[in-house]
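Let me begin by presenting the structure, written as structure tokens, before commenting on it.
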Ligand SMILES: [Zn+2]
């Protein structure tokens, strides 16, 4: 699996809406790829912060979308 595919799966991975086999693939990749791991950490931190900020269980979709968009942009550079 390459980084691009992992990045695509990472939102499902965080939401735990990922198939077992794919989850394993992502986790295997995260063990060997520091870049994806740091992206995952960034997303989780942001989600955690916005949850605290909005006092909601779910992060507003708008924020989630912006976040993933920014990550993809950054990633392309
Ligand atoms: Zn990677």
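Of the residues in region 31-46, how many are within 26 Å of residue 60 (Cβ to Cβ) and touching a residue at least 24 places away in the same chain (Cβ under 8 Å)? Can you show your working first?
As a first pass, look at region 31-46 and keep what is within 26 Å of residue 60 (Cβ to Cβ): 36-46.
The next check asks that each one be touching a residue at least 24 places away in the same chain (Cβ under 8 Å); those that pass are 36, 39-40, 42-44.
Number of matching residues: 6.
Under the condition of being in contact with a helix residue (DSSP H, G or I) (Cβ under 7 Å, 6 or more places away or on another chain) and more than 17 Å from residue 6 (Cα to Cα), which residue from region 58-69 is farthest from the ligand (Cβ to nearest atom)? Can you show your working first?
Of all residues in region 58-69, those in contact with a helix residue (DSSP H, G or I) (Cβ under 7 Å, 6 or more places away or on another chain) come to 59-60, 63, 67-68.
Still in the list and also more than 17 Å from residue 6 (Cα to Cα): 59-60, 63.
Values: 59: 23, 60: 27, 63: 24 Å.
Ranking the candidates gives 60 first.
If I ask for residues that are in a loop (DSSP other than H, G, I, E, B) and crowded, with 17+ Cβ neighbours inside 10 Å, which ones from region 39-73 would you list? Spell out the reasoning first.
If we filter region 39-73 for residues that are in a loop (DSSP other than H, G, I, E, B), which is where we start, we get 55-60.
The one that is in a loop (DSSP other than H, G, I, E, B) and crowded, with 17+ Cβ neighbours inside 10 Å: 59.
Looking only at residues in region 24-38 that are loosely packed, with under 15 Cβ neighbours inside 10 Å and more than 11 Å from the ligand (Cβ to nearest atom), which one is nearest to residue 71 (Cα to Cα)?
Just the residues of region 24-38 that are loosely packed, with under 15 Cβ neighbours inside 10 Å, to begin with: 24, 27-28, 31-32, 34-35, 37-38.
Of the ones still in play, those that are also more than 11 Å from the ligand (Cβ to nearest atom) are 24, 27.
Numbers: 24: 22, 27: 19 Å.
For region 24-38, the residue satisfying everything is 27.
Pairs please, first residue from region 1-15 and touching a residue at least 40 places away in the same chain (Cβ under 8 Å), second anywhere and within 11 Å of the ligand (Cβ to nearest atom) and assigned to a loop (DSSP other than H, G, I, E, B), Cβ atoms under 9 Å, 6+ apart in sequence or on different chains.
3/33
If I filter region 11-23 down to residues being part of a helix (DSSP H, G or I) and at pLDDT 90 or above, which single residue comes out as farthest from the ligand (Cβ to nearest atom)?
Going through the qualifying residues, I end up with 20.
The values are calculated or read from the model by the stated rules, or taken from the named source; none is laboratory data. What you are looking at is a predicted structure, and each value in this text was computed from that prediction instead of being measured. Glycine also receives a Cβ, built like all others from the backbone with ideal geometry; neighbour counts cover every protein chain displayed.
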